[in-house]
1. Please list, ordered by chain and number, the residues whose modelled amide H lies under 5 Å from the amide H of Ala438; skip anything fewer than 5 residues away on the same chain.
2. When DSSP beta bridges are limited to those with both residues in the chain, what percentage is antiparallel, rounded to the nearest 5?
3. So how do Arg271, Arg447 rank on accessible area, 1.4 Å probe, biggest first, that is with the largest at the start?
4. Quick one: how many Å² of Glu105 are accessible to a 1.4 Å probe, rounded to 10?
5. Enter the angle in degrees (range 0 to 90, nearest 10) between the Cα long axis of helix 214-227 and the first principal axis of the Cα atoms of the chain, meaning the one along which they spread out most.
6. Multiplying the sequence separation of Ala368 and Asp115 by 0.36 nm and subtracting their Cα-Cα distance, what value in nm do you get?
7. How large is the Kirkwood hydrodynamic radius of region 267-333, counting all unique pairs of alpha carbons, in Å?
8. With each pseudo-label sitting 7 Å past Cα toward Cβ, what's the Asp421-Val496 distance in nm, one decimal?
Amino acid sequence: MKIKIVPLTCIDKPFQKTILVKKDFDAVIVGSGPNGFAAAITLQQQGLSTLLLEAKATVGGGMRSAELTLPGFVHDVCSAIQPMTINSPFFSQLPLEQFGLKFIEPTYAAAHPFDNGKAAVLHQSIQQTTENLGIDGSAYEKLMQPLYKNRNIIFPFVLGPFKFPAHPLVMAGFGLKALQPATSLSKIFKTAEGKGLFAGMAAHSMLPFSKIATSAVALVLMLSAHNKGWPLIQGGSQKLADALAAYYVSLGGKIETNFNVTSLQQLPSTRAVLFDVSPKQLLQIAGNKFSALYTKQLSNYKYGMGVYKVDYALSEPIPFTAAECRQSGTVHIGNTIEEIALSEKLAWNGKHADKPFVLLAQQSLFDASRVPEGKHTAWAYCHVPNGSTKNITDIVERQIERFAPGFKDCILAKHEMNAADIQQYNANYIGGDINGGAPLISQLFTRPALRLSPYKTSAKGLYICSASTPPGGGIHGMCGYHAAKKALKDVFGMNVNKIR
Ligand SMILES: Cc1cc2nc3c(=O)[nH]c(=O)nc-3n(C[C@H](O)[C@H](O)[C@H](O)COP(=O)(O)OP(=O)(O)OC[C@H]3O[C@@H](n4cnc5c(N)ncnc54)[C@H](O)[C@@H]3O)c2cc1C
């Protein structure tokens, strides 16, 4: 679909003067990641006319899939495992199944192998997870059961901007655990298996384990598994992007691809622009519209470590020694908490670990539609210094081989991306940071800047809606939803609350 783009006519003029002038669109959204789509859908659902602009030839941001290795092998270029999607209060109320979305739940959410041949397992049920953890089972149950009981209060709270909790006692209980550094909370476990399982979850924070609130990420991920699971998407994550696009278009939304926004002057006339981009890009596009304070805040925004990724086409499933790993959608490769903590600390400090923590997904075990008959794929990445250009495929493979002897013999083809390539692929991943900025406590609820609303920039009508706003990285769309809600209220005088 081609949209005639008329040069910008209003955004730099005071709204009072232009409000009666007919605009090409009520709102323009820049970037088609999960947050761009969530924003566009929220606005379009209110009957506004909206246009979504995407720099690349296809929509999706972190939800794209492609034949990266050999014909017939579909790989998830970025996100693969979607606990944040299925648990998202916004996405779960959209009719996406009608537009082709199908979740597949692997036998086990995640497995974590150890050098002794054993594996800890995150099951969908708390009880099964507990049983598998032996003497650490009761500690796990005591940790997770109260959170599970209050999950319908916790999820909406953690998946949005900071607000005074409607249930302060419940959130205080969660906060006492979540705000702890992972090094502290992990002490409730006595065994290497219990500590290791927890460490693998906390490492998703992409922060050293000594940092405040690194436990929060672990708790939210484990709670997500117990609530609705850690699914993958049939046919590849791209199908989620396709379903969001089809639903948005069915509401009347317009999409323009191959449209890289570098200046406000490129945009058609509109009353609001929502940017699914990071602060660095926002400054380049609209910096001349911002106050000195806001410009300084965006310039001081901190990005976190990057990722190094390898995708594999395989002749057979990965021959993990531990049987549980052969039935798990995700495998956390890092052995003990000590090894994982060291790996994360090194990457944060600009160094490459000899034994990096590797996050591995094996989608084809549960979704044969992605591969030629009998063949398989693997998706693996580890954390590296921001902007790293080093090739560490050998090191990644050594780590996998350590828990799956014979892995290398199964490789038919591979596709590698260092941290710089990751940014080259998607301009939002600054230096390979896939979370849109480090989730430090100072940037958790107030990212990208300390303001009454983190979504509203200092320029009238301009909003930021990417993972660089609360609640941060992941395929949940909640940043986009909250930003759109704010724009609806400020610009269009509409109070919308779809999430109770
Ligand atoms: C290797 C990897 C693995 C990951 N694994 C997972 C996972 O398993 N589960 C999970 O939940 N998350 C995962 N993530 C993180 C997740 O992909 C991101 O946190 C999420 O995509 C952020 O969403 P977003 O909408 O903020 O931005 P993005 O998804 O990054 O989308 C931004 C879009 O905006 C476009 N854009 C940028 N600048 C411009 C411009 N100037 N003009 C026009 N368009 C522009 C980009 O091309 C892109 O399409 C992973 C990411 C990577 C890279």
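1. Those lying under 5 Å, H to H, from Ala438 are Lys302, Tyr303, Gly304.
2. 65
3. Ranked list, largest accessible area first: Arg271, Arg447.
4. The accessible area of Glu105 comes to roughly 70 Å².
5. 80
6. 88.1 nm
7. For region 267-333, inverting the mean 1/r across all distinct Cα pairs yields 17.0 Å.
8. Output for this residue pair reads 3.9 nm.
The values are calculated or read from the model by the stated rules, or taken from the named source; none is laboratory data. Every value quoted in this text rests on a predicted model; they were computed, and no experiment measured them. When we count neighbours, we look across all protein chains shown, and the Cβ atoms used for this are built from the backbone with ideal geometry, even at glycine. Ligands, DNA and RNA are excluded from the accessible area calculation, which covers all protein heavy atoms including side chains. Shrake-Rupley method; radii C 1.70, N 1.55, O 1.52, S 1.80 Å.
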